[in-house]
1. Just to confirm my numbers, what's the Cα centroid distance between the stretch 47-91 and the stretch 142-204 in Å?
2. Which order do the peptides 73-80, 164-171 come out in when sorted by mean C-beta neighbours inside 10 angstrom, highest first?
3. As a test, work out the antiparallel percent of DSSP beta bridges whose residues both lie in the chain, rounded to the nearest 5.
4. Ignoring everything but the protein chains, give the 1.4 Å probe accessible area of Val263 in square angstrom, nearest 10.
5. Which cross-chain or sequence-distant (5 or more) residues have an amide H under 5 Å from the amide H of Arg211, H modelled 1.01 Å from N in plane?
6. Name the residues whose placed amide hydrogens come within less than 5 Å of the amide hydrogen of Arg273, ignoring near sequence neighbours (fewer than 5 apart) on the same chain.
7. Protein chains only, probe 1.4 Å: how do Trp102, Trp57, Trp260 rank by accessible area, largest first?
8. Could you compute the net charge surrounding Gln275? Neighbours are other residues with a C-beta less than 11 Å from the C-beta of Gln275; K and R count +1, D and E count -1.
Amino acid sequence: MTKRHVSLPADAKDVRRAFVSGVDERLSAAETPDELATAVTETLADLRGERDAYEAWRDGDDTRPAAAARLATLDPRNASLESEYYAEKDEAAFARSKPLQWLWRQFDTTPLADNVDVALPFRRMLAGHLFAGVGEDVRLFKGITMTYGHNIELGDNVVVHDGVHLDDRGELVVGARASVSDGAHLYTHDHDVVDQTDVTNYRTEIGADARVTQGALVRAGVRVGENALVGSRSVVQGDVPAHHIAVGSPAESVRVKPGWEPVAAPLDAGGERRQTERRLGDAVPADAAVYDEFQRDRSPPGER
């Protein structure tokens with residue numbers, strides 16, 4: 001289905017360009033994580049119309065506790081993310097990606113996030129600062145969440161729709177022109193079935209021109225091949241070969257896209273589990289101060 005062109009008034013476009021380019025310049029000028037956090041803080045204060053109130057609180061003016069808590073968390077240094085607690089995270093990379101991810105999340109809570117003509121260019125600009133790689137004309141819609149952001153690579157013309165989770169605890173690569181529909185989850189890490197604190201990270205790949213449709217889940221270390229399609233609500237446990245259509249839980253190849261039969265692998269080639277080939281090395285620093293949040297005895301009953 002083609003789309004029609006929509007034109008906003010010229011002055012609205014000028015305002016949008018000035019806003020996006022201004023934030024881009026502000027982020028680009030930040031040479032250290034602290035400078036980046038300051039740039040993010042000022043951007044959020046401006047977006048929420050609270051610059052004067054924030055600066056007054058920062059300078060020690062008397063502020064009610066609830067207002068102070070709200071103003072403090074404009075600064076990403078005063079906020080925490082779930083991924084901040086992961087033992088294997090790259091501390092240097094996270095120091096830079098955390099402020100950018102905070103800006104991403106907080107932008108999506110503002111009215112501007114629903115203005116597609118503003119929000120798509122803004123997220124595309126922000127992805128250029130946050131992701132490991134991002135192609136041209138990428139379209140990123142509202143409510144996308146991620147683990148870090150700095151382990152995500154998107155090719156040209158990729159579309160990621162509303163409410164998608166891009167887990168990049170490992171590495172996530174999405175090829176050119178691929179589409180990820182609303183509510184889909186793409187994972188790059190998995191937990192041991194006995195010890196859930198034992199996490200293994202993988203490289204997960206979505207091939208060029210592939211489609212992962214509404215509400216589907218792609219497990220860590222899976223490859224969805226070029227021009228393949230994953231059906232709605234499917235759970236992909238093994239690889240989906242190029243040009244295959246896979247549906248179900250666990251997903252199985254049920255047909256080849258019409259016209260692609262001469263170059264596609266046979267249907268019984270679908271579902272092969274090759275996660276071990278895409279396993280990433282364990283990277284928890286030897287000196288990391290780790291803890292078990294569950295404090296469970298995981299030994300079998302006979303060994304206790």
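1. 27 Å
2. 164-171, 73-80
3. Here the share of antiparallel DSSP bridges comes out near 25 percent.
4. 100 Å²
5. Ser179, Ala228, Leu229, Val230
6. Distant-sequence amide H within range of Arg273: Asp239.
7. From most exposed to least exposed: Trp260, Trp57, Trp102.
8. Its environment carries a net charge of +3.
The values are calculated or read from the model by the stated rules, or taken from the named source; none is laboratory data. Everything numeric here is computed off the predicted structure, so don't read it as measured data. Neighbour counts are summed over all protein chains in view; Cβ atoms, including those assigned to glycine, are modelled from backbone coordinates with ideal geometry. All accessible areas refer to the heavy atoms of the entire protein, side chains included, with ligands and DNA or RNA removed. Shrake-Rupley method; radii C 1.70, N 1.55, O 1.52, S 1.80 Å.
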